[in-house]
Every structure is written in structure tokens, then in C-alpha cells.
């Protein structure tokens with residue numbers, strides 16, 4: 001990539017900015033009004049359910065039916081309560097919380113990588129400018145040396 005293309009890419013990147021959740025939602029759901037509503041509703045529900053508060057509320061809610069499951073003295077009902085009422089209700093928000101932490105960590109790494117790449121890009125532009133100046137200087141020196149050689153050969 002030459003210096004001109006590099007500068008064009010820098011300008012393009014400045015105009016685009018970093019990727020956003022909104023852009024990702026458009027790619028996944030489309031651009032229609034219905035798609036935007038679906039994305040907003042899904043995001044709000046995910047944010048609400050993906051909290052430890054939701055896990056505590058779901059655990060309390062699941063525990064409401066525990067006494068009846070115990071009183072039934074039926075192992076199938078107890079296992080069904082544990083798997084469907086408790087584990088599914090409580091683990092869902094906890095898993096979302098974990099995913100949110102992992103996603104934030106990935107975002108932070110990605111941003112750091114982006115900043116590093118941007119710094120390397122700007123440094124490479126400076127290196128390219130320096131090399132171009134050096135090339136011009138060497139070309140001038142080469143021309144002077146050629147003149148000196150011609151002059152010495154002529155004497």
C-alpha cells in the first residue's frame with residue numbers, strides 16, 4: 001500500500017468510525033422498521049435478563065414451587081423442578097452476565113489492537129516519508145558522484 005492509498009484509508013476510517021452495535025444489528029436483522037424494532041426489543045430484554053439481579057429474582061421465583069415439589073415425594077417431579085424451574089431460570093441470566101463480561105473484554109482487546117495498528121500505521125507513514133526524503137537525497141548524491149566521475153574521466 002503506497003502513501004496515497006494509506007492516507008485515503010485513514011480518511012475513510014475516520015469517516016466510518018469504529019463499528020457500532022447499531023451497525024451490527026442492521027447486518028443481522030436488516031434495515032426495515034420491523035427489523036429495527038426487533039433489534040431494540042431483543043437488546044432491551046437481553047440487557048434486563050442479563051443481570052445478576054435477574055438471576056436472584058428468578059431463583060426466588062423458582063423457589064416458590066420447591067415446597068410443592070418436595071411434598072410430592074416424587075423423584076421425577078423433583079428432578080423436573082431442579083432442571084426446568086431452577087437451573088434454566090437461574091443459569092440463563094448468569095450465562096448472559098458471563099457473556100457480557102467476555103464480550104466487554106474482547107471489545108477492550110479489539111480497541112487496544114485497533115489503537116496499536118493505528119499507531120503502527122502512522123509510524124509507517126513517517127517511515128515512508130523519511131525513506132522518500134532519503135531516496136531523493138541519495139539520488140542527488142548519485143548525480144553529484146556521476147558528475148565527479150565524468151569530470152575525473154575527462155581529465
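How would 104, 40 line up from fewest to most surrounding beta-carbon atoms within 10 angstrom?
In order of increasing Cβ crowding within 10 Å: 104, 40.
Output the 0 to 90 degree angle, nearest 10, between the alpha-carbon long axis of helix 3-16 and the longest principal axis computed from the alpha carbons of the chain.
On a 0 to 90 degree scale, this one is about 30.
Before anything else, pin down the relative contact order of the chain: Cα pairs under 8 Å, at least 6 apart, normalised by residue count, whole percent.
Over the chain, the number comes to 22 percent.
Compute log10 of I(q)/I(0) for the range 1-49 with the Debye formula, placing one identical point scatterer on every Cα and leaving out solvent, at q = 0.16, 0.21, 0.23 Å⁻¹, to two decimals.
Log10 I(q)/I(0), no solvent term: -0.60, -0.74, -0.81.
If you line up the long axis of helix 33-49 against the longest principal axis of the chain, both from Cα atoms, how many degrees apart are they, to the nearest 10?
Helix 33-49 sits roughly 70 degrees off the main axis of the chain.
Grab the beta carbon distance between residue 132 and residue 10, set R0 = 30 Å, and tell me the FRET efficiency rounded to 0.05.
0.95
Report the FRET efficiency, 1/(1 + (r/R0)^6), for residue 73 and residue 94, where r is their Cβ-Cβ distance and R0 is 35 Å, rounded to 0.05.
0.70
With angles folded into 0 to 90 degrees, how steeply does helix 52-63 sit against the dominant principal axis of the chain? Use alpha carbons for both and round to 10.
It is inclined by approximately 20 degrees.
Using r as the Cβ-Cβ distance of residue 87 and residue 109, and R0 as 25 Å, what FRET efficiency do you calculate, to the nearest 0.05?
0.20
From the mean inverse distance of alpha carbon pairs (Kirkwood) and the Cα radius of gyration, derive Rg over Rh for the range 70-129.
Rg/Rh: 1.58.
Of 89, 102, 64, which is the most mobile in a GNM of the chain whose springs link Cα atoms less than 10 angstrom apart?
Of 89, 102, 64, the most mobile in the Gaussian network model is 64.
Given [x] 2.15; [y] 0.98; [z] 1.38, which label gives Cα Rg over 2.2 N^0.38 Å as computed from the coordinates?
Step by step, Cα Rg over 2.2 N^0.38 Å for this structure corresponds to label [x].
Readers should treat all values here as calculations from the given coordinates under stated rules, not as data from a laboratory. If you're wondering where the values come from, they're calculated on a predicted model, not measured in any experiment. Using ideal geometry, Cβ is built from the backbone for each residue, glycine included, and neighbour counts are taken over all protein chains shown.
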